[in-house]
1. For a quick check of your reading of the model, give me the residue pairs whose first member lies in segment 11-29 and is within 11 Å of Ser65 (Cβ to Cβ) and part of a loop (DSSP other than H, G, I, E, B), whose second is hydroxyl-bearing (Ser, Thr, Tyr) and modelled with pLDDT under 90, with beta-carbon atoms closer than 7 Å and at least 6 apart or on different chains.
2. Looking at Tyr120, Tyr110, can you tell me which residue is assigned to a strand (DSSP E or B), more than 16 Å from the chain's Cα centre (by Cα) and under 16 Å from Ala77 (Cα atoms)?
3. Which members of segment 89-107 meet the condition of being over 20 Å from Glu20 (Cβ atoms) and either part of a strand (DSSP E or B) or in contact with a Gly (Cβ under 6 Å, 6 or more places away or on another chain) (or both)?
4. Have a look at Ala53, Ala2, Ala60 and point out the one that is aliphatic (A, V, I, L, M), without any contact (Cβ under 8 Å) to a residue 60 or more places away in the chain and either touching a strand residue (DSSP E or B) at 6+ places or on another chain (Cβ under 7 Å) or over 21 Å from Ala125 (Cα atoms) (or both).
5. Here is a list: Gly128, Gly56. Which entry is at pLDDT 95 or above and either of a type in the set (Asp, Glu) or farther than 15 Å from Lys12 by Cα (or both)?
6. Please specify each residue of segment 30-54 satisfying the condition of being aromatic (Phe, Trp, Tyr) and in a loop (DSSP other than H, G, I, E, B).
7. Take Ile108 and decide whether it is of a type outside the set (Asp, Glu) and either free of Cβ contacts under 8 Å to residues at least 12 places away in the same chain or buried (at least 17 other Cβ atoms within 10 Å of the Cβ) (or both).
8. Just the residues that are closer than 15 Å to Ala127 by Cα and either of a type in the set (Gly, Ala, Ser) or at pLDDT 95 or above (or both), please, taken from segment 63-80.
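The values are calculated or read from the model by the stated rules, or taken from the named source; none is laboratory data. All of these numbers come straight from a predicted model, not from anything done at the bench. A quick note on method: Cβ atoms are made from the backbone with ideal geometry, for glycine too, and the neighbour counts reach across all protein chains shown.
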Amino acid sequence: MAAQNGKDLLIKVDVSGTFETLAGLRATRISFNAEQVDVTTLESTGGWRELLAGAGVKSATLSGSGVFKDGATDERARQIFFDGVTPAFQVIIPDFGTVEGPFQVTSIEYAGAHDGEATYELALASAGALSFTAA
């Protein structure tokens, strides 16, 4: 795969049935995780650890940071946090595919200096099964 523009990694939120890119993001990140289930015993070949295939909990986390724009998507993200709901999000990974599913907004941080723009940071955690569609 050739090098990609970081600005093409997009986090989108469901706003009234349409996925819209979260406004003002400058940096985005997605991480996939799978817990290990260790089934090693004294009889494991050569003393090597053995893992149980297909077991454990899978999860994904999203994060982003950018400038506060007070747009419809900013308002939506704030409302998701305060309501504690888990709506659908999409993550567009350039030349790889799209991940879609429910996420919970786990934190929103706002900051600003007296001589600069207002910024925010957002963190989300998967809240159910995710789907992947290849590009």
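1. Correct list of pairs: Leu22/Thr73.
2. Values: Tyr120 fails: more than 16 Å from the chain's Cα centre (by Cα).
After ruling out the rest, the residue left standing is Tyr110.
3. Answer for segment 89-107, where residues must be over 20 Å from Glu20 (Cβ atoms) and either part of a strand (DSSP E or B) or in contact with a Gly (Cβ under 6 Å, 6 or more places away or on another chain) (or both): Thr106, Ser107.
4. Result: Ala53 is the single residue among Ala53, Ala2, Ala60 that is aliphatic (A, V, I, L, M), without any contact (Cβ under 8 Å) to a residue 60 or more places away in the chain and either touching a strand residue (DSSP E or B) at 6+ places or on another chain (Cβ under 7 Å) or over 21 Å from Ala125 (Cα atoms) (or both).
5. Gly128
6. Restricting attention to segment 30-54, the residues satisfying the condition of being aromatic (Phe, Trp, Tyr) are 32, 48.
Result: Trp48, single match.
7. Values: of a type outside the set (Asp, Glu): yes; either free of Cβ contacts under 8 Å to residues at least 12 places away in the same chain or buried (at least 17 other Cβ atoms within 10 Å of the Cβ) (or both): no.
No: the conditions fail for Ile108.
8. Within segment 63-80, Ser63 is the sole residue that qualifies.
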